[in-house]
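Questions regarding the structure given below will be posed in turn.
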């Protein structure tokens, strides 16, 4: 059974959306699980911006079961990360608007801002951050 196209699309889209706090695990999963394919089919591809995943997608009819599973597992990991980030964003939206409205999102800056204003942050937000393991 070959990997469905939506898994590749999901991995590429989520990899671009999710910050480095979560992306390392899925990236390692694909790098290890698809090592033979990456070295064989994608050795001349410059890593970054989903190019390796696009290369794997271009060769999806030649992927091993191990690589297909790694891609599926990475997609699941990324979906969980997006759900966790969505949960935190929902629980902390008022706190972010109140305390961090001028902070540019990305690279953990919003989380750092919330930590800096911890005394002013709601208990719901603090709990959400704790629940997903960001703190």
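Quick one: length gained pulling residue 82 to residue 102 fully straight, 0.36 nm per residue minus the C-alpha distance?
Answer, rounded to one decimal: 4.9 nm.
Could you order peptides 114-120, 45-51, 25-31 by the average number of other Cβ atoms within 10 Å of their residues, highest first?
25-31, 114-120, 45-51
Same structure again: How much length would be gained if the chain were fully extended between residue 36 and residue 90, taking 0.36 nm per residue of separation minus their Cα-Cα distance, in nm to one decimal?
Here the segment from residue 36 to residue 90 would lengthen by 15.4 nm.
Throughout, read-outs are computed from the coordinates displayed, never taken from laboratory work. Just so it is clear, the structure is predicted and the values come from calculations on it, not from any experiment. All Cβ positions, even for glycine, are placed from backbone atoms using ideal geometry, and neighbour counts span all protein chains on display.
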